[in-house]
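Written out below as C-alpha cells is the structure these notes cover.
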C-alpha cells in the first residue's frame, strides 16, 4: 500500500514538473471558447472548482440505479451486431478478449469501471487518473482545437473548456475495438461530449453525450454520478495473477485456474 501511494505521488510530481516550463497559450479561433479561468497558469488554477480527493461511482444512493438511461437507439446494422452479441453471450463465449488480455476498455467504458478516479490540475490541462488499468486521460484546456485526423487511442484525444464551474470536454479518435455499451461498438465518427460539475459537497456528475451517425440513430446521453471517498488510488496490475487461458495465437479464453 505504501508503495502504491509513493508511486502515485511520484507520477503526480512528474506530471506537474513537466508542465512548469509551459506558458499560457492563446485561444485559437477554432478552439473552445473561454468563459472563465481556464487554468493556464498556476495562479488561475487556484480559481478553478475544487475537485480534490478520490471519487468513485455512486452505485447506491441516488446513483447508477436511479440514473440508468434508456438504451441507445441503434442503426439496423448496429442492432444486428448487438443481437448477435447477446446470443453469443448466452453460450458463454468470450466476447471481450482484449480486456481478458489486460488491454484497457477505452472510452467511454473506462469511466464506468468499479474503481476510483482522481482529478489532477496542471497549467493548460486537467488529468483524470483512473485506477482501473492505471489509465490517464489528458484534457487540454489551452485553446487548441480537436485534431482533424486523430490517432486512434484508448482514451481518445480530448480538449476542454470551463463554463463557470462546469468542465466541458470533447473527445474524438478511439481504438476500433472499444465499446459504447456492451455489444455496441462504434465507428470512426464517434464523438463524445462530457459535462463535469460538482453537484454537492461530496458528489460529482459526469454527463456523457455520445454521437455516432453510423451506429446511433440519435445522440445518447448517460449520467455517471460519483461520490467522494476516503481512499487512495492503488496500483492496478492486470497482468499479475491473470489466469485467463490463451491459445497458441494469444487469443484468450475464460478458463480461470485456481
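Whenever a residue of the range 212-226 is free of Cβ contacts under 8 Å to residues at least 40 places away in the same chain, its partners that are crowded, with 17+ Cβ neighbours inside 10 Å, lying with C-beta atoms within less than 8 angstrom and at least six residues away or across chains, give the pairs 212/180; 212/186; 212/190; 212/191; 219/210.
Looking at residue 197, is it at pLDDT 95 or above, more than 30 Å from residue 239 (Cβ to Cβ) and either over 16 Å from the mean Cα position of the chain (by Cα) or not in a strand (DSSP E or B) (or both)? So residue 197 does not fit the description; no. Note on the range 76-112: among residues that are in contact with a strand residue (DSSP E or B) (Cβ under 6 Å, 6 or more places away or on another chain) and modelled with pLDDT under 80, the one that is surrounded by the most Cβ atoms within 10 Å (Cβ to Cβ) is 100. Annotation note: of 133, 115, the sole residue that is in contact with a helix residue (DSSP H, G or I) (Cβ under 7 Å, 6 or more places away or on another chain), surrounded by fewer than 20 Cβ atoms within 10 Å (Cβ to Cβ) and outside any strand (DSSP E or B) is 115. Take the conditions (1) at pLDDT below 95; (2) over 19 Å from residue 51 (Cα atoms); residue 186 misses just one of them, which is (1).
When the range 171-229 is filtered for residues that are closer than 16 Å to residue 119 by Cα, surrounded by fewer than 21 Cβ atoms within 10 Å (Cβ to Cβ) and in contact with a helix residue (DSSP H, G or I) (Cβ under 9 Å, 6 or more places away or on another chain), only 224 remains. One residue stands out among those in the range 168-182 that are assigned to a strand (DSSP E or B) and free of Cβ contacts under 8 Å to residues at least 60 places away in the same chain: the one that is farthest from residue 143 (Cα to Cα), which is 172.
The values are calculated or read from the model by the stated rules, or taken from the named source; none is laboratory data. Everything numeric here is computed off the predicted structure, so don't read it as measured data. Glycine also receives a Cβ, built like all others from the backbone with ideal geometry; neighbour counts cover every protein chain displayed.
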